[in-house]
């Protein structure tokens, strides 16, 4: 299938393209960009040097992918942006390339970045991640598969968000969010479990119950994190429980605190009400 390139688009040197791409008016593709097949770039899209994009992606008007990082330490060395397949990048999204020489910003498959979302330098974003309008990842954040960040969420540099976690709108998160959790507030605190997200992902009821027990040990037992991890290590059986254990053990920033009022949670363990945090 032939590529369709608008006459007003600017294509740099040594750009490699697959088949069936549609490049709209006013797009600018810098030297050496790699573009797979069946991608659509709407009008005025910019793809910076070091960008590689897979197949079947939609990049909407005014999006900027692979431009230089907003980092005072960036010295102009060659860096990269790698984007997978079937992603939707809506209007005016900004995704910046790595900052240290040879480093990269990485985005997986089937993600949906809504208008004005931002992914900073060296972020590692998994598959099926959703960033709602104006959600912002600062440098070196790590986002697991199936994470949902609501509108105007802000993450501190180096923050990690585990698989299938959800963060409510207007939250400011400065510590790690373990997998399968609901997080919200300023600063963000853990407010329950993302039960609906786990069900939709096909996690069975027995495994969800084990995840609930891990959650209770971390946030409802009165144990500090170190002692809670010892108890979890003894009882964890499912891959998901072990995933939670490994995530918390690997945390360098520490994990988000929990809400103070355990009784305020629903029986399903779901709550996005802002409440007074307690120490994790």
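Got a number for residues in segment 1-37 being more than 27 Å from residue 78 (Cβ to Cβ) and surrounded by 18 or more Cβ atoms within 10 Å (Cβ to Cβ)?
Qualifying residue count, segment 1-37: 1.
Would you confirm, using the coordinates I've provided, whether residue 110 is assigned by TED's automatic domain parsing to the domain that holds residue 35, assigned to a loop (DSSP other than H, G, I, E, B), at pLDDT 95 or above and under 13 Å from the mean Cα position of the chain (by Cα)?
Judged against the criteria, residue 110 is a match.
Any idea which of (1) over 29 Å from residue 169 (Cβ atoms); (2) surrounded by fewer than 20 Cβ atoms within 10 Å (Cβ to Cβ); (3) in contact (Cβ under 8 Å) with a residue 40 or more places away in the chain is the one residue 70 doesn't satisfy?
(1)
Does segment 175-183 include one or more residues that are outside any strand (DSSP E or B), at positive phi and in contact with a strand residue (DSSP E or B) (Cβ under 8 Å, 6 or more places away or on another chain)?
Yes, there is a match, as at least one residue in segment 175-183 is outside any strand (DSSP E or B), at positive phi and in contact with a strand residue (DSSP E or B) (Cβ under 8 Å, 6 or more places away or on another chain).
Rundown of residues vs (1) touching a residue at least 40 places away in the same chain (Cβ under 8 Å); (2) out of contact with any helix residue (DSSP H, G or I) (no Cβ under 6 Å at 6 or more places or on another chain); (3) assigned by TED's automatic domain parsing to the domain that holds residue 257, yes/no style:
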| residue | (1), (2), (3) |
| --- | --- |
| 161 | no, yes, no |
| 171 | no, yes, no |
| 184 | yes, yes, no |
| 191 | yes, yes, no |
| 206 | no, yes, yes |
| 210 | no, no, yes |
| 213 | no, yes, yes |
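Determine if segment 27-38 includes at least one residue that is within 26 Å of the chain's Cα centre (by Cα), in contact (Cβ under 8 Å) with a residue 40 or more places away in the chain and either closer than 17 Å to residue 86 by Cβ or not in a loop (DSSP other than H, G, I, E, B) (or both).
Yes, because at least one residue in segment 27-38 is within 26 Å of the chain's Cα centre (by Cα), in contact (Cβ under 8 Å) with a residue 40 or more places away in the chain and either closer than 17 Å to residue 86 by Cβ or not in a loop (DSSP other than H, G, I, E, B) (or both).
So which of 50, 12, 26, 18 ends up being within 26 Å of residue 138 (Cα to Cα) and assigned by TED's automatic domain parsing to the domain that holds residue 107?
50
Collect the residues in segment 222-245 that are assigned to a helix (DSSP H, G or I) and more than 23 Å from residue 199 (Cβ to Cβ), keeping them in residue-number order.
225, 226, 227, 228, 229, 230, 231, 233, 234 - these are the residues of segment 222-245 that are assigned to a helix (DSSP H, G or I) and more than 23 Å from residue 199 (Cβ to Cβ).
The values are calculated or read from the model by the stated rules, or taken from the named source; none is laboratory data. Just so we're clear, the structure is a prediction, and the values are computed from it rather than from any experiment. With ideal geometry, Cβ positions are generated from the backbone for all residues, glycine too; neighbour counts draw on all protein chains shown.
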